[in-house]
Amino acid sequence: MKYTLPKYLFAALLALALGCSTAKQNTTVFTKERQLPIDRRVDSVLALMTLEEKVGQMNQYNGFWDVTGPAPQGGDAALKYEHLKKGWVGSMLNVKGVKDVRALQKIAVEETRLHIPVIFGFDVIHGYKTISPIPLAEAASWDMEIIERSAQIAAAEAAASGLNWTFAPMVDVSRDARWGRVMEGAGEDPYLNSRIAVARVKGFQGNLGEFNVAACVKHFAGYSFAEAGRDYNTVDISNNTLHNIVLPPFKAASDAGALTFMNSFNELEGIPATGNAYLQRDILKRDWGFKGFVVSDWGSMGEMVTHGYTKDLKEAAEKAANAGSDMDMESHGYVEHLAALVREGKVSEDKINDAARRILRVKFELGLFDDPYKYCNETREQQTIGKKEFQDGVLDVAKKSIVLLKNERNLLPLKKQGQKITVIGALANDKTSPLGSWRIAAEDGTAVSVLEGLNQYKGNTITYAKGADVAVGKTLFGSETKINTTDKSDFAEAVAAAKNADVVVMVLGEHGLQTGEGRSRAKLDLPGVQQELLQAVYKANPNIVLVLQNGRPLTIPWAAENIPAIVEGWHLGTQSGNAIAQVLYGDYNPSGKLPMSFPRSIGQVPLYYNHKSTGRPGGDAPTESVFWSHYGDEANSALYPFGHGLSYSKFEYSNLKLSRSSFGKNGNITVSVDVRNNSTVDGKEVVQLYLHDLFASVTRPIKELKAFELAEIKAGQTKTITFTINEKVIEFYSANNKWEAEAGDFKVFVGGSSVTKLEAPFSYTN
Ligand code: BGC
């Protein structure tokens with residue numbers, strides 16, 4: 001369909017923008033107009049808008065109407081429909097598919113006074129229809145190229161489906177595995193989160209072509225620090241933690257050109273993020289120079305009333321607008337109250353202009369003013385979604401996201417011929433759970449199960465026994481659905497099947513929908529009767545390969561001690577079973593490393609490697625000696641630490657060298673280390689560099705990741721890996737309330753996990 005209306009509109013706008021006396025412009029001029037700087041184009045649109053239309057741009061509605069049916073009559077839907085026709089809806093979410101997007105866009109650009117296109121948002125978190133591993137799993141790859149590729153695939157499918165904005169990446173640094181949303185981010189480290197944030201923003205946005213979407217960096221800020229890991233709970237963190245731990249990934253994403261940010265449900269210093277001027281106005285927009293817009297989280301403006309921060313929705317709208325929250329997701333606060341608040345002098349029109357300008361700017365950057373139907377092409381939709389190339393792409397990401405936690409007696413890789421293998425666990429035969437949480441456009445049952453993956457290999461005899469259900473019912477949303485906590489009636493069959501096997505592969509863990517938003521857990525063990533099943537099978541046959549499928553670190557101390565091989569298989573998306581089978585059979589040599597520490601017990605949580613020292617650091621072993629920072633009944637250390645992950649190769653580190661022992665302003669130190677692959681298989685190793693700043697104006701973590709390299713090292717070969725340490729690397733948010741490098745003494749550590757063996761001192765003099 002040809003889109004003609006805006007030509008005349010733009011001719012008029014151009015006349016305004018150029019100060020021409022007449023609006024009669026021809027197409028040549030229209031072409032030139034397209035080449036004007038975006039800011040001028042934005043201003044020329046803004047100049048035509050009424051206050052209500054500007055406020056309308058700041059209003060986002062959830063999809064409210066089945067667009068293929070008749071126009072809604074009566075109630076909320078009819079009101080939203082009226083607003084759309086008046087130009088009072090700047091964005092919609094959860095509308096997808098070219099047909100529906102086109103129908104709604106048509107109303108916006110053909111029936112409203114100013115024909116301003118709508119921007120369509122959707123939670124494309126780890127894939128659209130073709131699902132990649134959950135973001136936490138992808139983070140375990142430490143492979144920026146494939147993380148970017150994964151975001152590209154997600155963007156291409158979403159964009160082909162009419163969408164132009166994803167509510168991703170989530171860059172919340174997460175230290176508390178009870179919080180269900182750890183699955184959606186990149187784990188506990190600010191540096192790894194920052195690197196991944198950049199890769200994801202680049203992958204989604206690319207050059208903002210027709211296969212790209214705008215990114216939305218979320219949740220700004222502090223959301224993952226919800227007390228006790230309970231979603232939406234109070235957050236109470238210091239300014240030091242905010243700046244040194246929480247904000248770096250957001251800053252990195254903003255610097256990488258992310259077009260939008262989302263604020264968060266939590267409060268910070270007693271002020272809900274949506275109404276928080278320090279975060280949105282001062283830090284993001286003023287200090288970082290962010291040019292895009294901030295959308296509220298779903299209903300978070302209205303929730304400021306429940307927080308006890310504003311007396312009603314109108315006051316919430318006032319506080320949010322004044323704090324720099326540009327678009328209201330589904331609170332209806334702006335559309336109902338903002339124009340009146342401006343008239344009453346409670347919100348300045350400058351604030352409205354700024355917000356509307358930011359939103360229009362993103363629409364221009366996406367090319368929606370040039371062609372509002374840029375994302376509406378049925379042929380592209382059909383040809384793009386589920387492409388073979390995308391399936392191959394997510395399989396590659398899935399393999400690289402797997403972490404080999406333990407491998408004794410070389411139980412892995414499995415032999416390809418003549419083995420009797422018994423596969424046990426409901427998750428082994430599940431084609432929905434591996435899709436994980438936050439995959440709302442994907443169909444249930446579209447993942448390759450582990451059983452299907454293993455069955456691709458024909459040389460062995462495979463027997464399957466469920467053993468026990470994890471979840472009963474269709475989804476974990478429905479009331480009929482629950483976790484199986486009692487039924488052990490299938491244990492006997494599984495135990496019998498295990499008895500005769502050479503190897504037992506047990507697939508246990510969390511159902512995909514047991515993680516994600518609103519799915520906090522107070523226990524982190526294998527849900528339901530799975531631990532009992534594991535122990536029952538172990539008695540019959542201890543030759544077990546345990547494949548975990550989960551969206552967060554679990555407490556599995558018994559398995560860690562007794563089970564010879566443990567593979568962290570996360571929720572790996574559409575190609576899950578193929579990826580796991582290729583790793584189990586050694587067709588892919590695992591290279592993943594944990595992006596979050598695995599606790600020994602729930603009582604250790606929040607647990608993170610980059611903690612401070614305290615005045616009384618305890619030793620690791622539980623001891624009865626008191627007055628130390630330790631537990632009487634548990635070690636302090638993680639069961640599996642941040643950065644841990646084995647390979648079928650064996651890597652040895654030696655020869656840590658520093659080019660000099662100190663450096664000054666504008667100088668640097670080169671750090672080198674030799675990594676030898678002392679095995680007969682080629683492999684990949686994530687070589688990690690950590691620093692400890694020994695004394696500073698504010699206390700510093702005992703160790704912080706500062707650099708890493710994913711190195712391919714052939715069997716028997718040694719590679720020298722080098723890193724550079726300069727002022728940027730040692731900077732932190734100091735007692736002077738700014739990022740700076742302070743003179744002092746440091747230690748550098750290099751190794752294959754956060755528990756490193758090699759270290760060396762150096763100093764910095766400024
Ligand atoms: C979540 C956001 C999400 C939004 C829209 C909220 O509940 O916190 O992360 O983008 O819903 O679906």
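Since every read-out is calculated from the coordinates, none of them should be taken as a lab result. Predicted, not measured: the structure shown is a model, and the values here were computed from it. We place every Cβ from the backbone using ideal geometry, glycine too, and count neighbours over all the protein chains shown.
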Task: N766 paired with T485, simple spin-label distance in nm, labels 7 Å along Cα-to-beta-carbon - done: 5.4
TODO: Find the centroid of the Cα atoms in segment 682-704 and in segment 525-546, then give the distance between the two in whole Å.
DONE: 36
Open item on the list: Quick query: amide H of V403 versus all other amide H atoms, modeled in the peptide plane; which residues come in under 5 Å with a sequence gap of 5 or more or a different chain?
Closed with: E568
TODO: Please give the FRET efficiency for E759 paired with T463, using the beta carbon to beta carbon distance and R0 = 41 Å, rounded to the nearest 0.05.
DONE: 0.25
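Give me the dipole magnitude in Debye, nearest 20, for segment 120-172 about the Cα centre, with unit charges on the beta carbon: positive for Lys and Arg, negative for Asp and Glu. Mind dumping the intermediate values first?
Values: 2 positive and 7 negative charges, 39 e Å.
Dipole of segment 120-172, to the nearest 20 debye: 180 debye.
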TODO: Would you mind calculating the gained length between D287 and Y232 on full extension (0.36 nm times residue separation, minus the Cα-Cα distance), in nm to one decimal?
DONE: 17.1 nm
- [ ] Would you please give the residues with an amide H less than 5 Å from that of A471, counting only those at least 5 places away or on a separate chain, with H modeled from the backbone geometry?
- [x] N484
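For T50 and A103, what is the calculated FRET efficiency with R₀ set at 30 Å and r taken between the beta-carbons, to the nearest 0.05?
Numbers: r = 26 Å, r/R0 = 0.85.
Working from the Cβ atoms, E equals 0.70.
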- [ ] Can you check what the net charge comes to around A743, using other residues whose Cβ is under 14 Å from the Cβ of A743 (Lys, Arg +1; Asp, Glu -1)?
- [x] -4
TODO: Assign unit charges at the C-beta atoms only (+1 for Lys and Arg, -1 for Asp and Glu), then state the dipole size of segment 30-175 relative to its Cα centre in Debye, rounded to the nearest 20.
DONE: 420
- [ ] Among V673, Y733, G751, pick out the residue whose Cα is farthest towards the positive end of the charge dipole of the chain, where Lys and Arg carry +1 and Asp and Glu carry -1 on C-beta, about the Cα centre.
- [x] V673
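Contact order normalised by length for the chain, with contacts defined as Cα pairs under 8 Å and 6 or more residues apart; what percent is it?
Worked out over the chain, it gives 12 percent.
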- [ ] For each of M144, M304, count neighbouring Cβ atoms within 10 Å of the residue's Cβ, then give the residues from fewest to most.
- [x] M144, M304
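Report the gain in length on full extension from T306 to Q717: 0.36 nm times residue separation, minus Cα-Cα distance, nm rounded to one decimal.
Working: separation 411, 0.36 × 411 = 147.96 nm, distance 6.13 nm.
Roughly 141.8 nm would be gained on extension.
Can you figure out the FRET efficiency of Q419 with L694, using R₀ = 56 Å and their beta-carbon distance, to the nearest 0.05?
Calculated transfer efficiency: 0.60.
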- [ ] Treating the angle as unsigned and between 0 and 90°, give the value, to the nearest 10°, between the Cα long axis of helix 530-540 and the longest Cα principal axis of the chain.
- [x] 30
Task: Long-range HN-HN contacts of G386 with modeled amide H, under 5 Å - done: T130
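Exceeding 28 Å between C-alpha atoms, which entries from my cross-link table qualify? They are K431/K488; K106/K431; K351/K706; K499/K593; K285/K363.
Details: K431/K488 22 Å; K106/K431 38 Å; K351/K706 39 Å; K499/K593 33 Å; K285/K363 19 Å.
Flagged as over cut-off: K106/K431; K351/K706; K499/K593.
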- [ ] Would you be so kind as to identify which of V626, A356, L508 lies farthest towards the positive end of the dipole of the chain, taking Lys and Arg as +1 and Asp and Glu as -1 on Cβ and the Cα centre as origin?
- [x] A356
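In deg cm²/dmol and to the nearest 500, what is the mean residue ellipticity at 222 nm of the chain if only DSSP H runs of at least 4 residues count, each as -39500 (n - 2.57), divided by the residue total? Could the numbers behind the result be given before it?
Values: 22 runs with 216 residues, N = 766.
Roughly -8000 deg cm²/dmol at 222 nm, from the helical runs in the chain.
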Open item on the list: Suppose each label sits 7 Å from its Cα in the direction of the beta carbon; what would the A522-E408 distance come out to in nanometres?
Closed with: 3.4
Open item on the list: Quick check: pseudo-label points 7 Å beyond the Cα along Cα→Cβ at D39 and E532, how many nm apart are they?
Closed with: 6.8
Task: Charged-residue dipole, Cβ positions (Lys, Arg, Asp, Glu), the chain about Cα centre, Debye nearest 20 - done: 1420
Task: Whole-angstrom gap from segment 349-383 to segment 399-424, using each part's C-alpha centre - done: 49
- [ ] Sort out for me the Cα centre separation of segment 106-142 from segment 238-295, rounded to whole Å.
- [x] 21
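What share of the DSSP beta bridges in the chain is antiparallel, in percent to the nearest 5?
55
Residues with beta-carbon under 9 Å from that of V687, excluding V687: net charge, scoring Lys, Arg +1 and Asp, Glu -1? Don't skip to the answer; put the middle values down first.
Details: positive: K719; negative: E685, E709.
In short, -1.
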Open item on the list: Show me the ranking of peptides 320-326, 654-660, 583-589 by mean Cβ neighbours inside 10 Å, starting with the highest.
Closed with: 320-326, 583-589, 654-660
Task: Cut-off 13 Å, label 7 Å out along Cα→Cβ of E111, residues of segment 72-87 by amide N - done: 72-74, 78-87
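What order do you get for 736-749, 504-517 when each peptide is scored by the mean count of other beta carbon atoms within 10 Å, highest first?
On the way: 736-749: 15.8, 504-517: 26.5.
In descending order of packing, they fall as 504-517, 736-749.
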Task: Segment D620-K657, extension gain: residue separation times 0.36 nm, minus the distance between their alpha carbons - done: 10.4 nm
